[in-house]
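Shown next, in structure tokens, is the structure this report addresses.
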There are 2 protein chains.
Amino acid sequence: MTNQIFIETVNNIPTFKKRFEIVERKGIGHPDTICDLVMNQISVDLSKLYLKETGMIQHHNMDKALLVAGQSENNFGGGKIIKPIKMILGDRATFDVDGRELPIGDFAINSAKEWFEKNLRFVHNEHVEYQVEIGVTSKEIRTIFENPSSFASNDTSVLVGYAPFTETESIVLNTEQHINSKQFKGSFPESGEDVKVMGFRDMSHVDLTIATAFVDRFISSENQYFQKKEEMLQEIDEFLKKNYDMKITAKMN
Amino acid sequence: MTNQIFIETVNNIPTFKKRFEIVERKGIGHPDTICDLVMNQISVDLSKLYLKETGMIQHHNMDKALLVAGQSENNFGGGKIIKPIKMILGDRATFDVDGRELPIGDFAINSAKEWFEKNLRFVHNEHVEYQVEIGVTSKEIRTIFENPSSFASNDTSVLVGYAPFTETESIVLNTEQHINSKQFKGSFPESGEDVKVMGFRDMSHVDLTIATAFVDRFISSENQYFQKKEEMLQEIDEFLKKNYDMKITAKMN
């Protein structure tokens, strides 16, 4: 293989011209999103630490995490957390440079804590336990990093990307972003951050199925729950009507 | 939405007619494959247990696991495991039916142990630690399962599938399966199960990059390592020439 770049154009039927389209979006409070974003934050912070301490970014892989569900006792007016959630941080990092040990484990936990504090209104330190399972980068891989001019690769990878979004993708993404916006949370503080939006387009008609958590401290009765659900759905309907011409039917489950 | 089934045909250019194609295959010893297959096995075994004990399959999600790398001291002629690998089993299951508690945790560990014993020659009980983090299915979801005739859905999901394989996909898949075959392991016991094959097709030429673990107890020196690597690659080349007409270049890294 040479260093050349090849571009192949393909005259396929673009998705928005197909009859059917299915799109899913998980919001910032969904466990999968939490794992991805926390690990991403740790990698960003770690890279800065390595740069500051060693002048270059050292080897690390930060994409394996497991979020173990806690247990809660839900009650109208406010329940309680019986068992905190557990965030298990996995994968690998460089722990020592030039004989100096870097406190990678504590550093990763701090990154994660800051992420929770910044992004989820109701998840605080006492609600999350941490288990650090970050292993040490293998000697073989470290040697590649010791000689940055070598440009050696330690893995095979493929990257896939696409743009722009179809109308259905924009609708699904922006509906989630709207529900997780400051403005929406101002009107509906009982709307939790764990939001999932599934969009199904058949021709020019989009069906949205919205799953959203409710925060029980803001809900005093079953009646109020159903009332708030109704009001949220109305607000979302207005948002969709104002911003999109497509026929959209939104349901909340 | 109705109960109808719609099929849309799309006249796109099939992948095998495009100039470029990239395909990756992780073999049975790759950590990602291990996680997927162990969790799948637990789900199959759990479903049988539920059927036997309760007459129906109870709710469970078994797709979250984390395999934490251990540590080893590699040596020509045979090294040793300093720290076992750790398999963290996550997700959710139904733990009690009609007031009877089912030993889900121990059951899941046994499934996993059997899987390792059956599928990986050199991974035995003492090499794997287990941490069970399987949570209890929420009450809300259980109620759906208590009334099987309701046909209610507790989630939104999309399934994607395709067939048949392109020639490049077949080559990549079968190269991995060949390296992990009994026959190949008979000729090359030093070839480990952690095999990854990456295929890149440019027009009618396929480049294969093969990563394969070596089992150190079968390798007595650096020379022998490079010799065995050479021999394996030759064997793979012959396998490819015998089975495929395409021009294939295989490298082992």
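Since every read-out is calculated from the coordinates, none of them should be taken as a lab result. Only a predicted model underlies this, so the values are computations on that prediction, with no experimental measurement involved. Every residue, glycine among them, receives a Cβ derived from its backbone with ideal geometry; neighbour counts consider all protein chains shown.
Here are a few things to note about the model shown:
- Test: residue in the range B:209-224 that is in a helix (DSSP H, G or I), closer than 20 Å to B:Gly78 by Cβ and touching a Pro at 6+ places or on another chain (Cβ under 8 Å): yes
- When B:Ala112, B:Ala65 are checked against the criterion of being buried (at least 18 other Cβ atoms within 10 Å of the Cβ), in contact with a helix residue (DSSP H, G or I) (Cβ under 8 Å, 6 or more places away or on another chain) and touching a residue at least 60 places away in the same chain (Cβ under 8 Å), a single residue qualifies: B:Ala112.
- Checking the range A:6-13 against the condition returns no match, with no residue being in contact with a strand residue (DSSP E or B) (Cβ under 9 Å, 6 or more places away or on another chain), more than 9 Å from every other protein chain (Cβ to nearest Cβ), surrounded by fewer than 17 Cβ atoms within 10 Å (Cβ to Cβ) and farther than 30 Å from A:Glu190 by Cα.
- The single condition among (1) out of contact with any Lys or Arg (no Cβ under 8 Å at 6 or more places or on another chain); (2) away from chain B (no Cβ under 11 Å); (3) in contact (Cβ under 8 Å) with a residue 60 or more places away in the chain that A:His30 does not meet is (1).
- Restricting A:Ala163, A:Ala152 to residues that are part of a loop (DSSP other than H, G, I, E, B), out of contact with any Lys or Arg (no Cβ under 7 Å at 6 or more places or on another chain) and closer than 22 Å to A:Tyr244 by Cα narrows the list to A:Ala163.
- Filter pass, A:Phe107 being surrounded by 14 or more Cβ atoms within 10 Å (Cβ to Cβ), closer than 19 Å to A:Lys48 by Cβ and within 14 Å of chain B (Cβ to nearest Cβ): no
Yes/no per residue for (1) within 14 Å of chain A (Cβ to nearest Cβ); (2) among the basic types (Lys, Arg); (3) within 19 Å of B:Thr33 (Cα to Cα):
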site: B:Leu173; (1), (2), (3): no, no, yes
site: B:Ile179; (1), (2), (3): no, no, yes
site: B:Gln183; (1), (2), (3): no, no, no
site: B:Ser191; (1), (2), (3): no, no, yes
site: B:Asp194; (1), (2), (3): yes, no, yes
site: B:Val197; (1), (2), (3): yes, no, yes
site: B:Arg201; (1), (2), (3): yes, yes, no
site: B:Ser204; (1), (2), (3): no, no, no
site: B:Asp207; (1), (2), (3): yes, no, no
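- The single condition among (1) β-branched (Val, Ile, Thr); (2) closer than 30 Å to B:Gly77 by Cβ; (3) assigned to a helix (DSSP H, G or I) that B:Ile141 does not satisfy is (2).
- Residue tally, condition part of a helix (DSSP H, G or I) and under 19 Å from the mean Cα position of the chain (by Cα), over the range B:47-77: 0
- Single match in B:Phe16, B:Phe6, B:Phe76 (criterion: without any contact (Cβ under 8 Å) to a residue 12 or more places away in the chain, hydrophobic (A, V, I, L, M, F, W, C) and touching an Asp or Glu at 6+ places or on another chain (Cβ under 8 Å)): B:Phe6
- Pick from the range B:133-171, criterion touching a Leu at 6+ places or on another chain (Cβ under 9 Å) and at the interface with chain A (Cβ under 10 Å from one of its Cβ atoms), ranking: surrounded by the fewest Cβ atoms within 10 Å (Cβ to Cβ): B:Glu133
- Close pairs (8 angstrom Cβ cut-off, 6 or more residues apart or separate chains): among the hydrophobic types (A, V, I, L, M, F, W, C) in the range B:169-191, part of a helix (DSSP H, G or I) and surrounded by 18 or more Cβ atoms within 10 Å (Cβ to Cβ) anywhere: B:Ile171/B:Leu240; B:Ile179/B:Met232; B:Ile179/B:Ile236; B:Phe188/B:Met232
- In the range A:18-56, the residues that are of a type in the set (A, V, I, L, M, F, W, C) and farther than 17 Å from A:Glu101 by Cα: A:Phe20, A:Ile22, A:Val23, A:Ile28, A:Ile34, A:Cys35, A:Leu37, A:Val38, A:Met39, A:Ile42, A:Val44
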